[in-house]
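This report refers to the structure that appears directly beneath it.
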Amino acid sequence: MILSIPDVLTPAEVAHARELLDTADWTDGKLTAGYQAAKVKDNLQLAATHPVARELGGQIVRALTENPLFMAAALPLHFLPPMFNRYSGGQQFGTHVDGAIRLIPGTGHRIRTDLSCTLFFAEPDEYDGGELVIEDAYGAKSVKLPAGHMVLYPATSLHHVTPVTRGARVCSFFWLQSLIRDDQRRSMLFDMDMAIQRLAVDMPDHSSVVQLTGVYNNLIRQWAEM
Ligand code: NI
């Protein structure tokens, strides 16, 4: 499932973040890439341990844990601290797949990357190119969202970022381990959650609301890994 999550951050939060990001000391993105990705990666990056990344990353994770749409779709267990990237002057990131296991910086703790997240900090009209193209079972989907919005997609997918030929594309990117490893199971739980919520609004006293909520929770009991 590829899902856009609107308004993760407010316009004021995005503006504050841009002030910090536009003056930060960026480093070469190849430094954190694996062997295959390093060959096709050309961008600038702020590591998760950079003070600006720490401040904004904490804000992003807090905002997401209070976002009902995100929580329903991701069913998160562990977050990797958000990193940030910047593409300009023709920079791009060729087709790659994200590494399956990543170490949380400064800890011995490793997480499995089930879901990838990209949160946009530049408006689409600030730059040309810079589409995130994600390939899933139904073909390729091109994503370029307003500032403050985020796309959530399976970390199992091949993806690339097209060359930025004007302006600068500034994003945060990070991964999370979900309670539900399998994308298809997670998608079915999300659909069921949304359907139950609609039913609970339209027919709040119907006994099926309780029964279906029970089935939803029992499926999570069957499938959750923690
Ligand atoms: Ni990637």
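Summary table below
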| item | result |
| --- | --- |
| Cα-centre dipole for the chain with unit charges at Cβ (Lys and Arg positive, Asp and Glu negative), debye to 20 | 680 |
| In order through the stretch 2-10: 3J(HN,Hα) via Karplus (6.51 cos²θ - 1.76 cosθ + 1.60), integer Hz, x for Gly, Pro | 10, 10, 8, 10, x, 6, 5, 10, 6 |
| Point-to-point label distance, residue 188-residue 109, nm (Cα→Cβ direction, 7 Å offset) | 3.0 |
| Likely footprinting exposure, 127, 153, fewest C-beta neighbours within 10 Å first | 127, 153 |
| Packing-based exposure ordering (other Cβ within 10 Å, fewest first) of 26, 175 | 26, 175 |
| Among 184, 201, 213 the positive-end extreme of the charge dipole of the stretch 183-223 (Cβ point charges) | 184 |
| 5 angstrom amide H check on residue 147, placed H, neighbours 5+ away | 123 |
| Amide H contacts under 5 Å for residue 155, placed H, 5+ residues apart | 115, 116 |
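None of the figures in this text is laboratory data; all of them are computed from the coordinates on show. Note that the structure is a prediction, hence the values are computed from the model and not measured. Every residue, glycine as well, gets a Cβ built from its backbone with ideal geometry; the counts of neighbours run over all protein chains shown.
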